[in-house]
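Heads up, the thing below is written out as structure tokens.
The values are calculated or read from the model by the stated rules, or taken from the named source; none is laboratory data. Just so it is clear, the model here is predicted, and its values are computed rather than measured. Every residue, glycine as well, gets a Cβ built from its backbone with ideal geometry; the counts of neighbours run over all protein chains shown. Protein only, heavy atoms only, side chains kept; ligands, DNA and RNA dropped before computing areas. Shrake-Rupley method; radii C 1.70, N 1.55, O 1.52, S 1.80 Å.
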Amino acid sequence: MIIERRDFLSKLALASATTLFSGNSLLASTRPVKDKLGIALVGLGYYSTDLLAPALQLTEKCYLAGIVTGTPSKAETWKKKYSIPDKNIYNYQNFDQIANNPDIDVVYVVLPPSMHREFVVRAAKAGKHVFCEKPMAPTVADCEAMIKACAENKVKLAIGYRCQHDPNIQAYMAVAKEKKFGKVKMINSAAGYFDGRTTHWKQSKALGGGVMGDMGVYALQGARLATGEEPISVIAQASTTRPEIYKEVEETMMFQLEFPSGARAACQTSFGINMNYLQVNYEKGWLKMEPQSGYNGNKGSMSDGTIINFPIKSQQAKQMDEDCISIISNTALIAPGEEGLRDIRVVEAIYKSVQTGKEVKI
Ligand code: NAD
């Protein structure tokens with residue numbers, strides 16, 4: 001079956017050179033479904049329901065071909081809403097049989113973080129390419145095992161870093177690359193929202209909760225992408241204003257990063273505060289983004305008068321289409337597993353700093 005699927009993909013790659021990459025949406029809408037990669041979403045919670053499934057109605061290189069869920073009533077609802085055939089509906093137990101399903105090319109893991117490793121590895125062993133939501137996994141060891149499994153099974157692994165596909169975020173990544181305002185001196189980066197829920201996996205240590213992996217990766221990415229560097233040390237402080245809810249994990253994390261060039265970043269993330277901004281002070285100018293990691297509407301300005309405000313229809317559709325193009329043409333992904341691992345390496349150091357009360361070298 002894998003050979004057949006690969007054969008299909010190579011045919012698709014050939015077709016891509018002519019029609020698929022024409023950017024002609026009329027062509028896209030009249031193209032038979034087989035011209036698109038089939039995606040199966042694993043875990044039908046908020047993000048799959050409200051963002052990914054609607055985005056998969058807009059994508060040109062992929063479509064919603066299947067679902068994997070532990071809840072039979074959700075399977076019924078999704079089956080009707082998205083015309084998903086019974087043969088493409090799996091539960092967590094029979095999921096491995098997806099290996100025999102040529103309709104499914106990519107498995108997209110949208111489960112609580114502690115479950116990412118298991119399902120990414122199972123998908124890779126089934127010979128499917130994998131998209132995995134952020135945070136990639138709770139530990140560096142998990143991330144390394146996921147990367148290894150995908151490499152061994154010759155499938156691609158993309159992390160759902162939708163912002164890296166957003167031209168507004170790419171605009172400040174370009175400033176870092178071009179050194180338009182010289183070296184970065186100081187960064188302030190924040191990402192948080194008020195989460196009023198009292199029982200959710202985001203409050204469970206065992207399920208990979210805690211604000212650092214959830215929203216903290218956006219504050220961290222703001223600093224990493226604005227410098228184009230990897231941090232060399234961190235010192236962090238965790239806190240909570242609602243200890244009755246955040247018993248096992250932190251509600252708020254503040255962390256300060258040092259980069260090889262000498263740049264420093266003050267970052268904050270919280271489940272108790274609505275905040276989302278990035279400010280970068282360079283040797284010869286500044287850049288501000290607010291919001292910096294929204295689903296849409298990310299915008300900003302620079303000290304030379306440049307405005308960053310590119311319209312974007314659906315980050316998630318662009319992300320999945322671009323990741324599918326990488327699969328079809330066998331080119332590098334924008335945010336592969338290694339990019340998820342870079343963040344988790346820093347996240348582990350942040351937790352170590354909280355435990356020890358000391359600066360941690362990375
Ligand atoms: P959610 O709680 O709404 O959904 C989680 C799904 O996992 C549910 O369908 C649930 O039934 C299923 N599940 C299976 N076993 C479970 C268990 N033991 N405990 C709890 N749920 C279980 O969560 P979500 O907000 O959809 O988040 C899912 C993933 O998507 C997370 O990794 C999250 O960080 C990520 N996410 C990413 C973005 C983004 O912008 N990229 C936004 C939201 C969520």
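The listed residues are VAL175, VAL217, VAL155, and the only one of them that is among the β-branched types (Val, Ile, Thr), outside the structural domain of LYS299 (by TED's automatic domain parsing) and modelled with pLDDT of 95 or more turns out to be VAL155.
Quick grid of which residues meet (1) open to solvent by 60 Å² or more (accessible area, probe 1.4 Å); (2) within 16 Å of the ligand (Cβ to nearest atom):
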residue: VAL175; (1), (2): no, no
residue: PHE181; (1), (2): no, no
residue: LYS185; (1), (2): yes, no
residue: PHE194; (1), (2): yes, yes
residue: THR198; (1), (2): yes, yes
residue: LYS202; (1), (2): no, yes
residue: GLY208; (1), (2): no, yes
residue: VAL211; (1), (2): no, yes
residue: MET215; (1), (2): no, yes
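From the residues in region 339-359 that are touching a residue at least 24 places away in the same chain (Cβ under 8 Å) and farther than 21 Å from TYR218 by Cβ, which one is least open to solvent (accessible area, probe 1.4 Å)? The residue in question is GLU359.
Quick grid of which residues meet (1) within 16 Å of the ligand (Cβ to nearest atom); (2) open to solvent by less than 20 Å² (accessible area, probe 1.4 Å):
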residue: GLN221; (1), (2): yes, yes
residue: VAL234; (1), (2): no, yes
residue: GLN237; (1), (2): no, no
residue: THR240; (1), (2): no, no
residue: MET254; (1), (2): no, no
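When you go through TYR218, TYR277, TYR246, TYR295 one by one, which is the residue that is of a type in the set (Ser, Thr, Tyr) and assigned to a helix (DSSP H, G or I)? Within the list TYR218, TYR277, TYR246, TYR295, the selection yields TYR218.
Filtered by the rule that a residue be part of a loop (DSSP other than H, G, I, E, B) and closer than 25 Å to LEU341 by Cβ, region 221-243 gives GLY228, GLU229, GLU230, PRO231, ILE232. Scanning region 53-107 for residues that are aliphatic (A, V, I, L, M) and either in contact with a Gly (Cβ under 6 Å, 6 or more places away or on another chain) or free of Cβ contacts under 8 Å to residues at least 12 places away in the same chain (or both) returns ALA65, ALA99, ILE104.
Counting only helices (runs of 4 or more DSSP H) that fall entirely inside region 55-155 and contain at least 3 residues that are within 12 Å of the ligand (Cβ to nearest atom) and open to solvent by 10 Å² or more (accessible area, probe 1.4 Å), the qualifying elements are 72-82.
Search region 319-335 for residues being in contact with a strand residue (DSSP E or B) (Cβ under 7 Å, 6 or more places away or on another chain) and part of a loop (DSSP other than H, G, I, E, B), and hand back the single one that is surrounded by the most Cβ atoms within 10 Å (Cβ to Cβ). This residue is ALA335.
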